[in-house]
Amino acid sequence: MQQQDNIAINNERRSLKDFVPLVLAFFACLILLSVYQNLRLYIDGVLDGFLNKSLLLLILHNLGFAALIGLLLAFVFNIGEGRKPALGEKIVKIVLFVLLLIEGLLIEYYVRQYEILENSVLKLAIGPEDFMAVLSVVSIGFVVYFAFYYLHRRMAKVYQMVSRMYPFTIILFSLFLATLNSDKKPINENKTQHLLVSMVENALDFNTYEGVAEFPLVQNYKRKDVLGDHFTLQQEKPNIVVLVIEGLGSDFVGTKATYPGFTPYLDELAKKSLSWDNFLSNSGVGFSALTSVVGGLPFGETGFTNTETFVHRQTLFSMLKKNGYQTGFFYGGNSALNHLDKFVEEEQVDIVLDKKGFGGDYTLQEEDAAGITLGYPDKDLFQKWAAGKIASDTPTFELFYTLSTKNPYAVPGGQALENRVVETLRASKLNDRQKRLVTKNSEVFASLLYMDEAISDFMTSYQKRPEYGNTIFVITGSHNLTDLPHYNELGRYRVPLLVFSPMLNRGEHIKTLSSHADIAPSLMYMLDSAYEMEVPEQVAWLGDVLVSNTIFDERKAIPLFKDTERITDYIKGKHFISNGDVYEMDKNLKLSDVDDDVETDVLKKGFQEFRAINSYVVAHDKLIPKQNSLVAMNAPEFSKTDLIWIESAFNGKDFDNAYQTAKNLAFDEEWDRALLMCNYILTKIPGHADTEILMGRIYAWKTDYEKAEALLKKAIRKYPVYDDAYAALFDVYYWNDTPKKAEHLTVLVHKNNLQSVVLDQKIARAVAHKNNIKEDRVVEQIQ
């Protein structure tokens with residue numbers, strides 16, 4: 001009778017009450033594997049403890065993975081049971097056990113290699129000579145099997161609770177969605193999910209580089225000076241000043257402007273300059289234009305500065321620095337956005353000014369509706385530069401990146417400027433449609449008037465400087481404003497280029513179609529021709545020369561990075577490809593359709609090849625060989641165990657929290673751990689001032705006063721109005737018994753008009769120290 005009952009049960013179709021315990025047992029096993037991973041890392045000394053936030057996040061991500069697998073297998077289970085009773089259950093059991101075994105093996109790989117496996121399972125192969133590894137794999141197999149079997153039997157009772165909820169598939173789907181936006185790092189990510197996703201992404205990326213050249217963009221350097229004949233250069237190398245104006249498009253400058261009259265100074269300057277009628281930014285977003293201007297660099301997937309991979313390269317910063325130039329980067333905003341600070345740090349730019357370096361004498365631009373300010377307006381940027389400008393015995397290369405002509409266009413004196421917009425509009429010959437657009441967007445045109453005034457003031461001030469006569473000015477826009485309609489698909493990229501200098505022979509309009517990527521090569525060709533510069537033997541610029549005998553060079557390719565997602569637009573010769581459509585350009589860059597299918601296919605194929613090369617050279621550091629690079633990776637390298645500890649101690653993207661962790665470790669005198677975290681923060685955010693200062697303090701606490709002094713002096717140079725750096729350096733001089741140095745620091749405090757109780761107390765202590773006054777007569781506060 002009992003045997004007949006068993007046969008009857010085996011012939012019954014399984015239901016939700018049989019499926020739910022399987023999924024729950026699967027998740028429970030993942031929890032056990034999570035504990036195993038962190039316990040192994042703790043035993044190996046990689047983690048300070050195995051019960052930490054990373055373990056909780058790992059369990060959370062395993063929950064999402066289990067929910068996704070359960071959702072998918074629910075359909076497999078029902079289909080299998082529909083075909084044959086118990087078939088669905090058997091399939092699900094096998095699949096879940098295999099997934100658990102794979103996860104166990106991947107975790108074993110992770111705790112042994114300290115890196116997560118992706119793209120291929122071949123690395124999981126273990127040779128018979130590694131007895132302990134084989135033993136571990138066998139052990140994992142047995143443990144996973146018995147744990148799954150045991151937990152499955154115990155989870156059957158949970159069905160009663162689940163059966164009263166919404167349909168189980170909705171529960172699973174909701175759980176999976178809930179984990180999508182949580183921060184994932186190797187230590188807290190489900191290893192199987194990571195492997196599967198990376199393999200799928202790799203398989204679906206059909207546009208991959210398949211060429212034989214390891215460095216496909218490299219070419220031998222050949223001097224092609226096209227600018228030199230336009231100048232009468234002096235014996236000394238010229239200073240070079242580059243102004244990249246946010247949102248300044250060709251719509252606003254020159255005789256062919258769509259909206260003339262709103263940049264009167266630049267219009268007049270254009271008459272005395274080399275000016276390009278057909279000039280393009282290689283990017284539709286501001287930050288990415290910078291790397292095109294200074295180096296003709298590729299874009300990668302999300303913009304060159306946003307790539308995680310360090311890429312060896314050559315730029316105007318590094319090439320001119322190698323030839324004796326002092327370099328500078330000046331920006332009124334937050335340079336940490338899009339990792340501009342990281343880029344200029346890697347370039348070892350001598351002088352860097354951004355939002356953190358202005359101080360109380362300057363006023364931030366008005367906040368937008370969300371309460372956010374972009375930074376300091378253009379006039380303040382130029383004034384701050386002038387206030388700190390020191391005459392140099394060497395030539396200088398200085399790049400300014402402005403922000404006032406950017407949404408929300410909240411420039412100082414906005415109402416008065418908008419009144420000027422009305423006056424300019426009355427005197428204009430714009431048609432009714434254009435007038436309506438200007439009226440509707442009066443704040444945009446007010447910002448253009450403000451920016452134009454700022455550049456006029458800057459140039460007028462520069463004329464009074466002794467080096468003015470030996471300076472070349474390059475003025476261009478980052479891209480055309482996107483808050484106004486464009487004439488065609490090229491409109492986003494059309495920007496002015498003005499090259500002006502007192503050494504320029506005459507003003508001239510140049511018809512050649514060129515782009516930002518041509519600026520760096522053309523300047524270097526001219527300087528090398530005149531001064532025999534030390535130049536690399538090989539280069540990898542996306543551009544070439546700014547001037548040719550024709551408008552279109554059929555060999556010339558101009559890649560266009562529309563936004564932070566991907567390259568969608570591309571120019572080859574006189575043809576323009578945009579979102580799969582191919583156009584032909586006339587001499588005014590007006591577009592017409594191309595009907596030749598053969599020609600279209602050839603153009604599209606060339607575009608796809610470039611996209612593949614662009615991704616390849618950036619993702620794999622294959623732009624130029626390391627030995628030919630002028631930029632070296634100076635960031636500290638972390639061991640695999642270091643990275644695992646960092647990930648366990650800091651989960652997330654809030655680096656202020658990471659700084660707090662480092663600070664707490666320092667206060668607990670775990671100085672090596674604190675320095676490790678500090679170095680990690682600075683590889684991600686080189687301009688994190690508090691972290692730089694904390695490192696200086698840590699070295700002082702370790703009595704390495706020389707290192708502490710060097711770090712804090714560097715912080716003061718970078719952040720001259722940040723009083724905490726001065727306070728820390730006063731402490732170093734006091735502890736190191738060097739009161740004379742404190743005198744010089746006091747002078748610097750007064751020069752930068754710093755006022756704080758803390759600094760007053762530090763100065764008082766320094767004076768007492770120097771004059772041997774008893775310490776109890778000086779009030780001091782040590783942080």
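The values are calculated or read from the model by the stated rules, or taken from the named source; none is laboratory data. These numbers come from a predicted model, not from an experiment. Virtual Cβ from ideal backbone geometry, glycine too; neighbours counted across all protein chains shown.
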inquiry  = Against the conditions (1) modelled with pLDDT of 90 or more; (2) closer than 29 Å to Lys511 by Cα; (3) over 21 Å from the mean Cα position of the chain (by Cα), where does Pro625 fall short? Just the number, please.
reply    = (2)
message = For a quick check of your reading: which helices (runs of 4 or more DSSP H) sit entirely within segment 633-716 and have at least 3 residues that are more than 28 Å from Asn188 (Cα to Cα)?
response = 689-701
key: Number of the condition not met by Leu630 [criteria: (1) aliphatic (A, V, I, L, M); (2) in a loop (DSSP other than H, G, I, E, B); (3) farther than 28 Å from Val495 by Cβ]   = (3)
key: Residue pairs meeting the criteria (Cβ under 7 Å; at least 6 apart or on separate chains; first more than 12 Å from Ser292 (Cα to Cα), in segment 538-560; second hydroxyl-bearing (Ser, Thr, Tyr) and in a loop (DSSP other than H, G, I, E, B))   = Gln538/Tyr221; Val539/Tyr221; Leu546/Thr512; Val547/Thr512; Ser548/Thr512; Ile551/Thr512
message = Quick check on segment 250-263: of everything there that is more than 15 Å from Thr405 (Cβ to Cβ) and either out of contact with any strand residue (DSSP E or B) (no Cβ under 9 Å at 6 or more places or on another chain) or acidic (Asp, Glu) (or both), which residue is modelled with the lowest pLDDT?
response = Lys256
message = Need the failing condition index for Val35 against (1) modelled with pLDDT of 85 or more; (2) under 34 Å from the mean Cα position of the chain (by Cα), just the number.
response = (2)
message = With the requirement that a residue be touching a residue at least 60 places away in the same chain (Cβ under 8 Å), in contact with a Phe, Trp or Tyr (Cβ under 7 Å, 6 or more places away or on another chain) and either surrounded by fewer than 19 Cβ atoms within 10 Å (Cβ to Cβ) or not hydroxyl-bearing (Ser, Thr, Tyr) (or both), what does segment 603-617 give you?
response = Ala612, Ile613, Asn614
inquiry  = Anything in segment 56-81 that is in contact (Cβ under 8 Å) with a residue 24 or more places away in the chain, within 21 Å of Leu195 (Cβ to Cβ) and among the hydrophobic types (A, V, I, L, M, F, W, C)? List them, or say none.
reply    = Leu57, Leu58, Ile59, Leu60, Leu63, Phe65, Ala66, Ala67, Leu68, Ile69, Leu71, Leu73
